[in-house]
Each structure stands twice: as C-alpha cells, then as structure tokens.
Amino acid sequence: FDEQYEPEGCMMAYDDVSGTLMPYHKVRAARLEEVKFMQQKPLWDLVPITECYVKTGKAPVSTKWVDVNKGTEEEVIARCRVVARDFKGSDKDRDDLFAEAPPLEAKRMLLSRAATRRQDGRKRKLLFIDARKAHLNPKCEQDVYIELPEEAGYGHGMCGKLDFWLYGFRPAAAAWEKLYSNRLEGCGFVRGTSCGVVFYHPKRDVSCCLLYT
C-alpha cells in the first residue's frame, strides 16, 4: 500500500487498476465499511493461528487490499475489497477458476422478449437485480484460513477460518455459480444448454440472465 502527501499534508492512496491517486480518507472509510460487512455476516470465525497450522500444516492464506475508484478523478468513489492471494502462476488457462459470463446474444434475447407482447396481449417487463458482493455468498465447507486485515482490529496470533468464500480463492467463482444455479432451478427455472447463465421458467414465462462485473 503506497502513500503520498499533497502539499497540504493529505495522505493519498493509489487505484490498483489505473494507478491514479485517491484520497486516503475515502479509501480508509471504504476499507472499514468492507470489514464491517464481513464481520457482521460473519465471513469468518476468529481462531488462533495455531489452529490453522494444526489443521492444514501451513500458514493462513495471505490477503491484500484492492482499492479501486468507481467514480471520476473529480468525484472519487472508493471501493475496497479484501482479496486472498490464492492464485499461482500455474493456474492460468483453467476454466474452473471463473464463473461463466453471458454472451452479447443473451442480453439481446432478453431485450427482444421484453419488446414482444405475450400471446394474451400482456406486456413484459425488464427487472434488474444487483447481487452485491456475489462471491461472498457461497458457504465455505473446507478448512480455509486467512490472514485478517489490520482494519479488522484483531490482536497478534489470530486468523480467520472462512465460513463463506472470499474474493481471490480458486473455488469462489465456481461456488457462486453453483449457488445461484441451484437456487434458480429449485424455483422451477430451467438452465440453458448452450449458455449456462440463461434460465427460463416455463410456467411463468420468465427469462433470466446472470451478469456480474
């Protein structure tokens, strides 16, 4: 985490994507908000670091902050995520590390259906639902331990045992895809054959497409 001072003495932080500067106080506030969400969920159980060594034979997975400006240079909106350093150089070209994304044709299909009246004359509607922090929703059913960020305020010798997956872990994306597909299919939706993120409910004539960034 790099810091730089303006002439007025204001501490600054870098955007991890663009490399541009962001006000430190906004980054700090966003980090504390993220930690508060994880603690209230709770994303992890607080355990002694010795438990990690006993259960796994190695140290907890290290973490880092990824700070991004979701606004503009004039109006900075800081978004901060705690990310696990679980990926290795040999992990590239593995399809199971990523959740499927819909092609452009899938979104065109939804727009086309919305613009087409039903046979009974009723109009269709488009509904957009934002699943915030998607990868933090699937349960972690393995013994996975992480280093906790300083902002969490825990003392030395403690770590977190994950109850839910964290960004950066190899199984996180696949676990999220499994979670939402099971939920939708349990409600009567049928999953697409050629595109696994498109679902259709034949009884209610409802189409659904999962898109997340």
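The values are calculated or read from the model by the stated rules, or taken from the named source; none is laboratory data. Just so you know, these numbers come straight off a predicted model, no measurement behind them. Here Cβ is always computed from backbone atoms with ideal geometry, including for glycine, and neighbour counts include all displayed protein chains. Ligands, DNA and RNA are stripped out before the accessible areas are found, and what is left, the full protein with its side chains, is counted by its heavy atoms. Shrake-Rupley method; radii C 1.70, N 1.55, O 1.52, S 1.80 Å.
Odds and ends about this structure:
- Within a straight-line Cα-Cα reach of under 21 Å, Lys125 can be paired with the following lysines, leaving aside sequence neighbours fewer than 8 residues apart in one chain: Lys107, Lys203.
- FRET efficiency, Gln39 to His201 (Cβ-Cβ, R0 41 Å, nearest 0.05): 0.65
- Cα gyration tensor shape for the chain, rounded if a/c is under 1.5, else prolate or oblate: oblate
- Carbon plus sulfur fraction of accessible area for the chain, probe 1.4 Å, in percent: 52 percent
- A 1.4 Å probe run over the chain, with the rest of the protein chains in place, finds 65 Å² accessible per residue.
- With R₀ set to 45 Å, the beta-carbon distance separating Ile77 from Leu46 gives a calculated FRET efficiency near 0.90.
- Helix-only CD estimate at 222 nm, as mean residue ellipticity for the chain, using -39500 (n - 2.57) per DSSP H run (n ≥ 4): -7500 deg cm²/dmol
- Listed values for the stretch 150-167 are Karplus-derived 3J(HN,Hα) couplings in whole Hz (6.51 cos²θ - 1.76 cosθ + 1.60, θ = phi - 60°), namely 4, 5, 6, x, 8, x, 5, x, 10, 9, x, 9, 5, 9, 10, 5, 10, 3, and x replaces Gly and Pro.
- Between Lys139 and Val190, the FRET efficiency estimated from the beta carbon spacing at R0 = 25 angstrom works out to 0.50.
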